[in-house]
Amino acid sequence: MILADANCAPFRAFFRGNRMLRRLLVVLLSLLPVLGYASGDIQAVKDQLTKAFPDVPVDKLRPSVLPGFYELEVEAQLVYVSTDGKYVFFGDVVDLQTRKNLTETWRQQTAARMIEEVGEKNMIVIGPAKAKRTITVFTDVDCPYCARLHLEVPELNRNGVKVRYLLFPRGGVGSETYRRSVAVWCAPDRAKAVGVAKAGGKLDMKTCANPVESHYRLGERLGVSGTPTIYLDDGRKLGGYVPSAQLLAILGLNGASKTSHAR
């Protein structure tokens, strides 16, 4: 957890990699004198946020379980703002009685909801229709570890796991990998084409209406920074390649004890 005066070095470092949150911090800092006069008055805080930062819906500022703080939902993150306007922090709130990480629970639920909103018609889906479990993978068609994971998809399918791909070209929109991702989507058989791409094969570089950019933007909103990034159907996030046997254990499908994932 980061808890400090909003002008301190940890906040500057934290925001360096997130444009939306950087903008938000600038606004929060500009509001500190105003918020200080509106301690405990959430409507006053909402009014000031609406006036100074119209991009943030006011209905996403709400009381927090943490006494003395509001929580503000920004994309797939929670920002905690003290009711006296002196502090903001980013981190996890843990209930010591239940040992439950309340912030992480919210984060997982939010990720699961945002992914489901994409709809399977806008994903590359491989696996049984009546799956025991489902994973959603942000994948780069030119990523070696993504190719390695793809080789294990048949084993996952045999064990009742449906694999859904969201295309995340790490080079960004307009890159060569982006164009190859579009070609995969526009192929007659997307599941076959994604395998060809991951194996380094030649693609018919067709274009068509496609969701690749929206996949990429969703990954950015969720904080995806590398591939593969795996989301379980309960919203848990696994960063990096996970062998099928280990992934099945995490999913509780092979009777093995749960283990931590590895790159």
Given a cut-off of 17 Å, what percent of all Cα-Cα pairs of region 87-215 lie beyond it?
-> 63
Can you tell me the relative contact order of region 113-263? Whole percent, Cα pairs under 8 Å, sequence separation 6 or more.
-> 26
Please give the contour-minus-distance gain from residue 62 to residue 129: 0.36 nm per residue of separation, less the Cα-Cα distance, rounded to one decimal in nm.
-> 20.2 nm
For residue 100, the aspartates and glutamates lying under 17 Å Cα to Cα, once residues fewer than eight places off in the same chain are dropped, come out as 92, 234
Where labels lie 7 Å past Cα in the beta-carbon direction, separation of residue 225 and residue 43 in nm = 4.1
Within 10 Å, count the other beta carbons around each residue, average over each peptide in 139-146, 97-104, and list them highest first.
-> 139-146, 97-104
Could you pull out which residues in region 223-237 have an amide N less than 12 Å from a spot 7 Å beyond the Cα of residue 104, following the Cα-Cβ vector?
-> 236-237
Placing each pseudo-label 7 Å from Cα in the direction of the beta carbon, residue 122 and residue 175 end up separated by a distance in nanometres of 2.2
For region 161-210 the mean separation of alpha carbon contacts under 8 Å (6+ apart) over residue count, i.e. relative contact order in percent, is 32
Reachable lysines, given that their alpha-carbon falls under 17 Å from the alpha-carbon of residue 162 and they are not under 8 places away in the same chain | 121, 130, 132, 192, 237
Counting pairs of alpha carbon atoms under 8 Å apart in space and at least six apart in sequence, what relative contact order in percent does region 44-139 give?
-> 12
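All of the numbers you see were taken from the coordinates with simple rules; none came from a lab. Predicted model only: the values in this text are computed from it and were never measured. Glycine also receives a Cβ, built like all others from the backbone with ideal geometry; neighbour counts cover every protein chain displayed.
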